[in-house]
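Written out below as structure tokens is the structure these notes cover.
The values are calculated or read from the model by the stated rules, or taken from the named source; none is laboratory data. Treat the numbers as computed from the prediction; the structure is a model and nothing was measured. Note that we place each Cβ from the backbone using ideal geometry, even for glycine, and neighbour counts take in every protein chain shown. Only protein heavy atoms, including side chains, enter the accessible area calculation; ligands, DNA and RNA are left aside. Shrake-Rupley method; radii C 1.70, N 1.55, O 1.52, S 1.80 Å.
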Amino acid sequence: QKNCLNFLNDNLFRTPSWLIDKNIINKTEFNGVTERIRSIQVRTLNNILSLNRMMRMIDNQTLNGSDAYSVVSMMSDLRNSLWSEVRYNRTIDTYRRNLQRAHVERLAELMVAKDVSGRRGTVTVKQSDIIPIVRAELNNLKRLAIMGLKNTNNTISKYHLQDIVERIGLILEP
């Protein structure tokens with residue numbers, strides 16, 4: 001699972017320049033490239049952060065202990081990848097800003113998630129570890145964005161990080 005996430009981080013979540021061939025784009029379309037890539041990235045991110053998947057990971061960790069890839073580790077790996085520009089004081093490009101906003105939006109959805117029904121019955125989300133993990137992750141992201149605000153000189157990156165701090169504040173304290 002960790003190797004799969006690393007593959008996605010390297011080939012899809014890091015701005016996928018291999019999908020952006022300006023020569024072809026200039027000949028075939030005038031707009032929509034940014035939205036198309038955002039859509040692919042968001043769909044993949046939402047699949048990774050699906051309730052059923054996270055519940056299976058929690059079950060796996062319960063059964064296999066430290067040999068299992070935990071939800072906490074997955075969240076940390078996602079944060080380290082999706083927010084690497086903030087950690088290393090780099091300008092955040094359009095594709096990454098879109099992905100970072102989608103990351104926060106998905107975490108917001110998880111905070112208010114209802115019970116999950118699946119083939120094996122219904123899981124009560126509010127009684128699981130998912131909400132505390134998501135809350136902790138939102139707090140980690142908020143601290144990271146505040147740190148990034150102090151270190152960036154890029155105007156759009158600064159506006160983006162201010163917006164992220166505000167969004168997370170509204171999620172944690174509606």
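Of the helices (runs of 4 or more DSSP H) contained entirely in the stretch 1-83, those carrying at least 2 residues that are exposed (fewer than 15 other Cβ atoms within 10 Å of the Cβ) and modelled with pLDDT under 85 fall at 2-8, 22-28, 33-48.
Sub-6 Å Cβ pairs linking a first residue in the stretch 48-66 that is over 23 Å from Phe13 (Cα atoms) to a second residue that is among the acidic types (Asp, Glu) and surrounded by 13 or more Cβ atoms within 10 Å (Cβ to Cβ), at least 6 apart or interchain, are Ile58/Asp129, ordered by first then second residue.
Each row is one residue, and each column tells you yes or no for (1) over 21 Å from Asn6 (Cβ atoms); (2) free of Cβ contacts under 8 Å to residues at least 12 places away in the same chain.
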{"site": "Glu85", "(1), (2)": "no, no"}
{"site": "Thr94", "(1), (2)": "yes, no"}
{"site": "Glu109", "(1), (2)": "yes, yes"}
{"site": "Gln127", "(1), (2)": "yes, yes"}
{"site": "Arg135", "(1), (2)": "yes, no"}
{"site": "Gly148", "(1), (2)": "yes, no"}
{"site": "Gln162", "(1), (2)": "yes, no"}
{"site": "Arg167", "(1), (2)": "yes, no"}
{"site": "Leu172", "(1), (2)": "yes, no"}
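The sole residue among Ile171, Ile131, Ile164, Ile156 that is surrounded by 14 or more Cβ atoms within 10 Å (Cβ to Cβ) and closer than 18 Å to Arg97 by Cα is Ile164.
Just give me the residues in the stretch 116-174 being among the polar types (S, T, N, Q), modelled with pLDDT of 95 or more and under 30 Å from Arg56 (Cα atoms), in sequence order. Those that are among the polar types (S, T, N, Q), modelled with pLDDT of 95 or more and under 30 Å from Arg56 (Cα atoms): Asn139, Asn140.
The single condition among (1) modelled with pLDDT under 90; (2) of a type in the set (Lys, Arg); (3) under 30 Å from Lys158 (Cβ atoms) that Arg90 does not meet is (1).
One residue stands out among those in the stretch 84-99 that are assigned to a helix (DSSP H, G or I) and β-branched (Val, Ile, Thr): the one that is least open to solvent (accessible area, probe 1.4 Å), which is Val86.
Of the residues making up the stretch 105-115, those that are at pLDDT 75 or above and not hydrophobic (A, V, I, L, M, F, W, C) are Glu105, Arg106, Glu109, Lys114.
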